[in-house]
Amino acid sequence: MTNKPDLRVNIGRLNLQNPVMTASGTFGYGREFNDFVDLNRLGAIIVKGLSMEPSMGNPPPRIVETGCGMLNAIGLENIGIKAFVKDKIPFLKNFSTPVLVNIYGKTLEEYALLASFIDDIEEISGIELNISCPNVKLGGVAFGVEPKSAYQVVKAVREKTKKPLMVKLSPNVTDITAIAKAAEEGGADSLSLINTITGMAIDINTGRSRLGNITGGLSGPAIKPVALRMVWQTVQAVSIPVVGVGGIMGAGDALEFLIAGASAVQIGTANFVNPSATMETIDGIEAFLKEKKIEKISDIIGSFSTGSYLKT
């Protein structure tokens, strides 16, 4: 095989040069990784979660290392969508890579307002909708853990934007396929999963939580088997593209998700351990395809159980 493999993928209406995206909350607003990563080589940049107004997040301590991963309780600290447009987009517009904005709100109205604000901003290629946030009108229940509320928030956002809409699902549910189907019915163009798994850590010397928020989100290699299983289940339950997230540390992990049916992947916690993880993952996927004499990445996607990409 002399030519380079074709790594291009389509996530609904989003056309990416390769399947490697950044996971929201782990890549800042893009500029923070500019010294370590060729931003033009990424499939897409997903910036950290944004709300309508700036948010200070949770009290410290907010990060704790755990076996095979980390717990974070950042609390979605961010500069707010208006400051993002004013201060961050001028830098991001210098690159050809699609930029997706991860958004969250506390009410349906807040989600809808954010989507409406973003809809006219040309430099934003799409929205990743975080539905794992507390819904204050429902007594703190997250939008993403019940099909009806998931449908309602996706529908409310869909009605306010024409941009490609990716919905990020929570793993803290009994049946993730029920939530996935509700998001699809509400108008999602694609799904990303999984978000972090709720966990906690205790300091045995004080008897207190090691996180200021008591609980936090577990990420990293520890959650990869759960994420892979949920992606595989969801791919079979919906007809829209699925993006795999959770514990992907390199090309081997990414390829597992693609074989399971994910159309693309997001690199998250790995960015903290190795700021060049996204570049190494792209290179590793390309090297694997060359080694196996596979001409295009689409031959890998969804090939689980058949091994159809392996040439004898």
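Bear in mind these aren't lab numbers, they're just calculated from the coordinates by the rules spelled out. Being a predicted model, the structure only gives us computed values, none of them experimental. Cβ sites come from the backbone with ideal geometry, for glycine too, and all protein chains shown count toward neighbours.
Highest first, please rank the peptides 191-200, 211-220 by the mean number of other Cβ atoms sitting within 10 Å of their residues.
191-200, 211-220
Using the Karplus curve 6.51 cos²θ - 1.76 cosθ + 1.60 with θ = phi - 60°, work out ³J(HN,Hα) for each residue of the stretch 200-214 in order, rounded to whole Hz, and write x for Gly and Pro.
Along the stretch 200-214, the couplings run 7, 9, 10, 7, 5, 7, 10, x, 10, 5, 7, 10, x, 8, 6 Hz.
Based on other C-beta atoms within 10 Å, arrange T174, T278 from fewest to most.
Working: T174 7, T278 31.
Result, fewest neighbours first: T174, T278.
With θ set to phi - 60°, apply the Karplus curve 6.51 cos²θ - 1.76 cosθ + 1.60 along the stretch 39-45 and write out the HN-Hα couplings as whole Hz, x wherever there is a Gly or Pro.
Going residue by residue, I get 4, 6, 8, 6, x, 6, 10 Hz, with x marking Gly and Pro.
Using the eigenvalues of the Cα gyration tensor, what equivalent ellipsoid semi-axes result for the stretch 22-123 when each is taken as the square root of five times the eigenvalue, whole Å, largest first?
Computed over the stretch 22-123, the values are 22, 21, 11 Å.
Any chance you could run the full-extension gain for N34 through K296? It's 0.36 nm times the residue separation minus the Cα-Cα distance, nm to one decimal.
91.5 nm
Return E53, E184, E122, E77 ranked ascending by Cβ neighbour count within 10 Å, so the fewest neighbours appear first.
E122, E53, E77, E184
For T26, T234, what's the fewest-to-most ordering of other Cβ within 10 Å of each Cβ?
Details: T26 20, T234 26.
If I rank by nearby Cβ atoms, fewest first, I get T26, T234.
Give the dimensionless ratio obtained when the Cα radius of gyration of the chain is divided by 2.2 N^0.38 Å.
Relative to the rule-of-thumb radius for its length, the chain sits at 0.95.
What value, in deg cm²/dmol to 500, does the helix sum -39500 (n - 2.57) over DSSP H runs of n ≥ 4 give at 222 nm once divided by the residues of the chain?
-8000 deg cm²/dmol
For Cα pairs less than 8 Å apart in space and 6+ apart in sequence, what is the mean separation divided by the residue count of the stretch 54-160, i.e. the relative contact order in percent?
The normalised contact order for the stretch 54-160 reaches 21 percent.
Running Debye on the stretch 177-312 with equal point scatterers at the Cα sites and no solvent, what base-10 log of I(q)/I(0) appears at q = 0.14, 0.18, 0.19 Å⁻¹?
So the normalised log intensities are -0.71, -1.02, -1.09.
Based on the Cβ-Cβ distance of K82 and A287, what FRET efficiency does E = 1/(1 + (r/R0)^6) give at R0 = 30 Å, to the nearest 0.05?
0.10
What are the equivalent ellipsoid semi-axes of the stretch 177-245, built from the alpha-carbon gyration tensor (square roots of five times its eigenvalues), in whole angstrom, biggest first?
Computed over the stretch 177-245, the values are 32, 13, 8 Å.
Taking 7 Å along the Cα-to-C-beta vector as the label spot, tell me the S239-N172 distance in nanometres, rounded to one decimal.
3.3
For the chain, what proportion of DSSP beta bridges, expressed in % and rounded to the nearest 5, is antiparallel?
Counting only bridges with both partners in the chain, antiparallel ones make up about 40 percent.
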